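Here is the structure we will look at, set down as structure tokens.
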Amino acid sequence: MNSRNYAYTVSLAVGGILTAGLFFYFAAGKNFFAIPACVIYRETGIWCPACGGTRAVLALLEGNIAESFCYHPVVPYSVAVYGAFILEETRERLCRSAGKVPLRFWKGCVLLGLLVLAGNTLARNIFLILR
């Protein structure tokens, strides 16, 4: 399996697992599960890179894109890039398109997401210390 097919297959599998988890969360009832507080923040007082992610996902599911972005900008960014990747790869497979988006473009999108994650974590912790 070449790297393009591997990336597409893994992306579909991960998306399916996340979708099943979200369906289970909402079907079983939001009150059934308690979302735990961040252990790193609770013990150190410093925001971890994932802090705000759960609130961002829940806000995004309610359609509040701006609120989701404020909680954690990587969540709506990741959903947008993931959706674009899956749609583009599916289109290329169904249409047998010769003009494919290079895989290095998608790798660049992932790298940009990691840079946003690092910048968000640093900025939030700097503002936390300065206040």
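The values are calculated or read from the model by the stated rules, or taken from the named source; none is laboratory data. Everything numeric in this text was worked out from a predicted model, so none of it was measured. Neighbour counts run over all protein chains shown; Cβ positions are idealised from the backbone, glycine included.
Brief remarks on what is shown
- Of the residues making up the stretch 58-69, at least one is free of Cβ contacts under 8 Å to residues at least 24 places away in the same chain and in contact with a Leu (Cβ under 7 Å, 6 or more places away or on another chain).
- Any helices (runs of 4 or more DSSP H) falling wholly within the stretch 1-109 and containing at least 1 residues that are over 21 Å from the mean Cα position of the chain (by Cα): 3-28, 39-44, 74-95
- Just one of the numbered conditions (1) surrounded by 11 or more Cβ atoms within 10 Å (Cβ to Cβ); (2) within 14 Å of ALA7 (Cα to Cα) is not true of ARG104: (1).
- The condition of being within 19 Å of THR19 (Cβ to Cβ), surrounded by 11 or more Cβ atoms within 10 Å (Cβ to Cβ) and in contact with a helix residue (DSSP H, G or I) (Cβ under 9 Å, 6 or more places away or on another chain) holds for LEU58.
- Cβ pairs under 7 Å, 6+ apart, first in the stretch 106-131 and closer than 18 Å to CYS51 by Cα, second of a type in the set (Phe, Trp, Tyr) and in a helix (DSSP H, G or I): GLY113/TYR77; VAL116/TYR77
- Of all residues in the stretch 1-30, those satisfying the criterion of being among the β-branched types (Val, Ile, Thr) and within 19 Å of GLU92 (Cα to Cα) are THR9, VAL10.
- Selection count, the stretch 69-84, where residues are loosely packed, with under 15 Cβ neighbours inside 10 Å and of a type in the set (A, V, I, L, M, F, W, C): 3
- In the stretch 26-48, the condition of being modelled with pLDDT of 90 or more and closer than 30 Å to SER3 by Cβ is met by no residue.
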